[in-house]
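Everything on this sheet refers to the single structure shown next.
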Amino acid sequence: MAQPDYVPIVSTDRVRPSSRLRTALRWEQDRPAEIVTLRPPVGPRLGSTGPDLGFGLKLAKDVAARAVLSPGEHLEDAVSGCFACGARRASSLHRAPVIYDMEWSYTLWGFFPGAPEGLVAYRAPLFAGAAHEYSRQRAIADLVPEAALRLSPAQVASQLGDWRRLFNLTQ
């Protein structure tokens, strides 16, 4: 606020000239790992971004109440691995996670009753320690091909008889 001329001020209260900053030099994107495209990088172990993934984790924990675990499996590992798959499915559909993404994931990995024994035996070492190791969660999510991401939970349940077709087992 400007001060009227008739108000006495001491010299230390006078407005000082500001120091002038020089004009910035030309800037370039040349740092290592700089993303220079409009789309995020895609590939194994890079993950999937999407809106409201925290709510997806809540949904994964809610669905976990119905999960059937084999001896030696831990619920936290199942939640972490299935959340990674469900979040990837939601991200591939360009939306936030919904309950069907998590039901799809738990169905896909055979955590609901009636799962084939071969699938349960296959998933047990794969999910071991997933709650504590991000790279393991990414590996679990990367085993699911794009075609399987488009299936509904009911379609996945109907195809569990030939469960190997639902995964990229060549990785």
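Would a scan of the range 26-46 turn up a residue that is surrounded by 10 or more Cβ atoms within 10 Å (Cβ to Cβ), in contact with a helix residue (DSSP H, G or I) (Cβ under 7 Å, 6 or more places away or on another chain), not hydrophobic (A, V, I, L, M, F, W, C) and not in a loop (DSSP other than H, G, I, E, B)?
Within the range 26-46, none of the residues are surrounded by 10 or more Cβ atoms within 10 Å (Cβ to Cβ), in contact with a helix residue (DSSP H, G or I) (Cβ under 7 Å, 6 or more places away or on another chain), not hydrophobic (A, V, I, L, M, F, W, C) and not in a loop (DSSP other than H, G, I, E, B).
Does PRO8 satisfy being exposed (fewer than 10 other Cβ atoms within 10 Å of the Cβ), at pLDDT 75 or above and under 53 Å from the mean Cα position of the chain (by Cα)? Reasoning before the result, please.
On the way: exposed (fewer than 10 other Cβ atoms within 10 Å of the Cβ): yes; at pLDDT 75 or above: yes; under 53 Å from the mean Cα position of the chain (by Cα): no.
Taking the combined requirement at face value, the residue does not satisfy it.
Going residue by residue through the range 107-124, is there one that turns out to be within 16 Å of the chain's Cα centre (by Cα) and not polar (S, T, N, Q)?
Taking the range 107-124 first, the residues within 16 Å of the chain's Cα centre (by Cα) are none.
No; the residues of the range 107-124 include none that is within 16 Å of the chain's Cα centre (by Cα) and not polar (S, T, N, Q).
The rows are residues; the columns are (1) closer than 30 Å to MET102 by Cα; (2) more than 27 Å from the chain's Cα centre (by Cα); (3) in contact (Cβ under 8 Å) with a residue 40 or more places away in the chain.
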residue: ALA2; (1), (2), (3): no, yes, no
residue: ASP13; (1), (2), (3): no, yes, no
residue: SER19; (1), (2), (3): no, yes, no
residue: ALA24; (1), (2), (3): no, yes, no
residue: VAL42; (1), (2), (3): yes, no, no
residue: ARG45; (1), (2), (3): yes, no, yes
residue: PRO51; (1), (2), (3): yes, no, yes
residue: LYS58; (1), (2), (3): yes, no, no
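How many residues are modelled with pLDDT of 85 or more and either under 30 Å from HIS94 (Cα atoms) or of a type in the set (S, T, N, Q) (or both) if we restrict to the range 18-40?
1
Only residues that are in contact with a Lys or Arg (Cβ under 9 Å, 6 or more places away or on another chain), crowded, with 17+ Cβ neighbours inside 10 Å and either modelled with pLDDT under 95 or polar (S, T, N, Q) (or both): list them for the range 85-111, please.
Answer for the range 85-111, where residues must be in contact with a Lys or Arg (Cβ under 9 Å, 6 or more places away or on another chain), crowded, with 17+ Cβ neighbours inside 10 Å and either modelled with pLDDT under 95 or polar (S, T, N, Q) (or both): just SER105.
Inside the range 62-169, counting only helices (runs of 4 or more DSSP H) that do not spill past its ends, which hold 1 or more residues that are in contact with a Gly (Cβ under 6 Å, 6 or more places away or on another chain)? Spell out the reasoning first.
Details: elements: 75-92, 99-108, 117-127, 134-142, 146-149, 153-158.
Those helices (runs of 4 or more DSSP H) span 75-92, 99-108, 117-127, 134-142.
The values are calculated or read from the model by the stated rules, or taken from the named source; none is laboratory data. What you see is a predicted model, and the numbers here were worked out from it, not measured in a lab. FYI the Cβ positions are ideal-geometry reconstructions off the backbone, even for glycines, and counts take in every protein chain you see.
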